[in-house]
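Working notes for the structure below.
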Amino acid sequence: MRSPLIIHPNTTLLLPPTLFGKVGHYALLASCSDATVDCAMKFDKRRKETHRYEIADTRGRLSLTIPVSKPERSSEALWSDIKVSTHGEWWNLHLTALESAYGRTPWFEFYVDSFRHLFRRRTPDDCESITSLCEEADTLVRNLLAIDTRVAYRHDTSTPLPCNATDMRHSPTPSAGEVSYWQVRGDRLGFLPDLSVLDLLFNHGPESPIILRDIISRITI
């Protein structure tokens, strides 16, 4: 039985690699039957969404960045060539920030263990590509959100791009700001829109797909 979130059953999306993408990103993804994530996009250091995500901290918005190693020849590098760095032992900083931001949300304790392996300690000789980390995080998030979209990952330029796909690789992420949902500090901070999907998951858990459905009805492709 097809997921009720899929309202564009004949649409294939072409998307960029994104780390813990915004709520609107996952609403867009869930609305289509198929998607290809192009990890073989040309590296562009200005594209921060590949290794940065935004959460709601105790004082408001907080950006969390996973440092990446600089490629030898930036002009020829693909995002799939870019390795995660060990700089600043970022895994500790991210976990601490998530616990501070969402430790009192209803669903944090139920989901956080699912994500801990993504924040494991690395060594300089044991660092995966940033797109591999994006893929692992994306697969986990889609499973938790019960998103049935078939997703493929293009890791090198020898793999052809899907035919007749709707190319969203350089398009802004659809805003989910018109649909508000309960946030743990909303009474003090007000509603903070367009955060990482982690914000939705930790605040609403298994009810998150219901909120995605409301967002899907308001976005266009």
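The values are calculated or read from the model by the stated rules, or taken from the named source; none is laboratory data. Small disclaimer: the values here were computed from a predicted structure and weren't measured. Please note: Cβ atoms are built from the backbone with ideal geometry, for glycine as well, and neighbour counts cover all protein chains shown. For accessibility, only protein heavy atoms count, side chains too; no ligands or nucleic acids. Shrake-Rupley method; radii C 1.70, N 1.55, O 1.52, S 1.80 Å.
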Which part of the range 28-58 falls in the paramagnetic zone of ARG150, meaning amide N under 20 Å from the point 7 Å along Cα-to-beta-carbon?
28-39
Diffusion coefficient in µm²/s returned for the chain by Stokes-Einstein, Kirkwood Rh over C-alpha pairs, 20 °C and 1.002 mPa s, is 120 µm²/s
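Heavy atoms only, 1.4 Å probe, whole protein assembly: order LEU98, LEU93 by accessible area, highest first. Mind showing how you got there, number by number?
Values: LEU98 5, LEU93 110 Å².
The ranking, largest first, comes out as LEU93, LEU98.
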Cut-off under 5 Å, modelled amide H: who pairs with ASP57 long-range
LEU62
Select from the range 99-163 those trypsin sites (Lys or Arg not before Pro) which occupy a DSSP coil region and have at most 15 other Cβ atoms within 10 Å, ordered by residue number.
ARG104, ARG120, ARG121
Cα-centred dipole magnitude for the chain, charges only on beta-carbon of K, R (+1) and D, E (-1), debye, nearest 20
380 debye
Return the distance in nm (one decimal) between the two label points of a simple spin-label model at ASP125 and THR65, each offset 7 Å from Cα along Cα→Cβ.
2.9 nm
Taking N as the number of residues in the range 121-203, what is its Cα Rg relative to 2.2 N^0.38 Å?
1.44
Total Lys pairs in the range 1-86 closer than 14 Å by alpha-carbon, pairs eight or more apart in sequence or interchain only?
6
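Rolling a 1.4 Å sphere over the protein heavy atoms, what is the accessible area per residue of the range 175-217, to the nearest Å²?
On the way: 1830 Å² over 43 residues.
Accessible area per residue, the range 175-217: 43 Å².
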Report, largest value first, the span of the C-alpha coordinates of the range 1-50 along each principal axis, in whole Å.
40, 20, 12
Please identify, among HIS25, HIS117, HIS155, the residue showing maximal mean-square fluctuation in a Gaussian network model of the chain using a 10 angstrom Cα cutoff.
HIS117
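What do you get for GluC sites (Glu not before Pro) in the range 18-101 restricted to DSSP loop and a cutoff of at most 11 other Cβ within 10 Å of the site's Cβ?
Details: sites: GLU49, GLU54, GLU72, GLU76, GLU89, GLU99; in loops: GLU72, GLU76.
Within the range 18-101, the qualifying GluC sites (Glu not before Pro) (loop, at most 11 other Cβ atoms within 10 Å) are GLU72, GLU76.
Against the empirical 2.2 N^0.38 Å scaling, what ratio does the C-alpha Rg of the range 24-114 come to? Mind showing how you got there, number by number?
Numbers: Rg = 16.0 Å, N = 91, 2.2 N^0.38 = 12.2 Å.
Dividing the Cα radius of gyration by 2.2 N^0.38 Å gives 1.31.
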Mean Cα-pair separation over length for the chain, i.e. relative contact order, pairs under 8 Å, 6 or more apart, %:
33 percent
